[in-house]
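Peer 1: To start, I am sharing the structure in question, which I have written as structure tokens.
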Number of protein chains: 2
Amino acid sequence: MRIGELAKATGTKAETIRYYEREGILPAADRTDSNHRDYSPDHLAALTFVRRARELGFSMAQVRELLALSDHEDKPCQDVDQLVRDQLEEVERKIEDLQSLQSELGLMLKSCRSDKIGECRIVESLARPIR
Amino acid sequence: MRIGELAKATGTKAETIRYYEREGILPAADRTDSNHRDYSPDHLAALTFVRRARELGFSMAQVRELLALSDHEDKPCQDVDQLVRDQLEEVERKIEDLQSLQSELGLMLKSCRSDKIGECRIVESLARPIR
DNA sequence: GCTTGACCTTGTAGTTGCTACAAGGTGCAT
DNA sequence: ATGCACCTTGTAGCAACTACAAGGTCAAGC
């Protein structure tokens, strides 16, 4: 599989794939006689893994951790588990914050429609003390 | 309130606060006789808002828009209405995205029954073909 | 009175995670 | 032989910070 195909299959730019290789996020591909990168199904799986993890909000550093963990098949799951748990917590916190912003924006629209002046609490809705 | 205190209260670096001021994201603070920035509770609220909005994935430009909405009192409703509607849509899209992340992450955790990474469904599920 | 630490300024450069060029080259199909 | 996908190195851009440097001011404590 060549870089263009891999790019298409994973929705990643070829330049980004080469970037991942440089950064050590992806293992280097074999080369054809003509020096073109030649990817295996394992590379496809690895890149898919990286892209999904990035989509799920994991940083490059976290992706590295996940990859390192997944290399140690004999180790207990706990470490992977904890990373996911942390990520889930963060996502849930964000959902809550967005919901309060959502309701504030909803109120704004409502008061606009009823032509009332309405107090704007948009800043207040997200201005609760941090942490 | 001086910049150091505001920084501590919001978990923002003092340099970032000055950066926001330069960028017009935060109103300039009053100055003390000795030319030090002197922040009001309103500044604290505004900065807290900005930080949260940024955490929630709003760009600086979008934060600017949201802030503009918060002083809509003096503007006609019609002008504000569409802006609010757009922001609400954006917020709802984000909530949906995060909820799908939430459920994926949740499923991952649930599926992690075995205690060896070799059999870890989390790692497997990350390597599933995209989309 | 002198040191320490927080603040002030301007300016430059590094970070992350890409993305996009340029400028040169090779390989391969039509 | 034309055109496209690929190869390389190198540079530079993006957002939103973050971190310095190098200069200065100011207020508090010993």
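Peer 1: Taking region B:20-30, which residues are in a helix (DSSP H, G or I), surrounded by 12 or more Cβ atoms within 10 Å (Cβ to Cβ) and near DNA strand C (Cβ under 9 Å from one of its atoms)? Steps first, answer last, please.
Peer 2: Start the filter on region B:20-30 by keeping residues that are in a helix (DSSP H, G or I), which leaves B:20-23.
Those still in the list that are surrounded by 12 or more Cβ atoms within 10 Å (Cβ to Cβ) too: B:20-21.
Within region B:20-30, B:Glu21 is the sole residue that qualifies.
Peer 1: Could I ask something else about it? If I filter region B:31-75 down to residues being within 16 Å of A:Leu101 (Cα to Cα) and near DNA strand D (Cβ under 8 Å from one of its atoms), which single residue comes out as most open to solvent (accessible area, probe 1.4 Å)?
Peer 2: Top of the filtered list is B:Arg54.
Peer 1: In addition: Scan (1) in contact with a helix residue (DSSP H, G or I) (Cβ under 7 Å, 6 or more places away or on another chain); (2) farther than 25 Å from A:Gln102 by Cβ; (3) modelled with pLDDT of 95 or more for the single condition B:Ala28 breaks and write down its number.
Peer 2: (3)
Peer 1: Taking interchain pairs and intrachain pairs at least six residues apart, which have beta carbon atoms under 6 angstrom, with the first residue in region B:47-68 and closer than 11 Å to B:Tyr20 by Cβ and the second in a helix (DSSP H, G or I) and among the hydroxyl-bearing types (Ser, Thr, Tyr)?
Peer 2: B:Leu47/B:Thr10; B:Arg51/B:Thr10
Peer 1: Give me a count of the residues in region B:31-62 that are away from chain A (no Cβ under 12 Å), within 30 Å of A:Gln87 (Cβ to Cβ) and at pLDDT 90 or above. Even if it seems obvious, please write down each step before you answer.
Peer 2: Going residue by residue through region B:31-62, those that are away from chain A (no Cβ under 12 Å) are B:31-40, B:59-61.
Filter once more, keeping what is within 30 Å of A:Gln87 (Cβ to Cβ): B:59-61.
Then drop every residue that is not at pLDDT 90 or above, which leaves B:60-61.
So the count comes out to 2.
Peer 1: Could you say whether any residue in region B:2-19 is away from DNA strand D (no atom under 11 Å from the Cβ), assigned to a helix (DSSP H, G or I), open to solvent by less than 40 Å² (accessible area, probe 1.4 Å) and at the interface with chain A (Cβ under 9 Å from one of its Cβ atoms)? Give the derivation first.
Peer 2: Looking only at region B:2-19, we keep the residues that are away from DNA strand D (no atom under 11 Å from the Cβ), and these are B:3-6, B:8-9.
Pick out the ones that are also assigned to a helix (DSSP H, G or I) and you get B:3-6, B:8-9.
Retained after the next criterion (residues that are open to solvent by less than 40 Å² (accessible area, probe 1.4 Å)): B:3, B:6.
This time we only want the ones that are at the interface with chain A (Cβ under 9 Å from one of its Cβ atoms), so: none.
No, because not a single residue in region B:2-19 is away from DNA strand D (no atom under 11 Å from the Cβ), assigned to a helix (DSSP H, G or I), open to solvent by less than 40 Å² (accessible area, probe 1.4 Å) and at the interface with chain A (Cβ under 9 Å from one of its Cβ atoms).
Peer 1: Only one of these conditions is not met by B:Lys94: (1) more than 10 Å from every other protein chain (Cβ to nearest Cβ); (2) open to solvent by less than 40 Å² (accessible area, probe 1.4 Å); (3) of a type in the set (Lys, Arg). Which number is it?
Peer 2: (1)
The values are calculated or read from the model by the stated rules, or taken from the named source; none is laboratory data. Just so it is clear, the model here is predicted, and its values are computed rather than measured. Glycine gets a Cβ as well: all are built from the backbone with ideal geometry, and neighbour counts include every protein chain shown. Please note that ligands, DNA and RNA were not included when accessible areas were found on the heavy atoms of the full protein model with its side chains. Shrake-Rupley method; radii C 1.70, N 1.55, O 1.52, S 1.80 Å.
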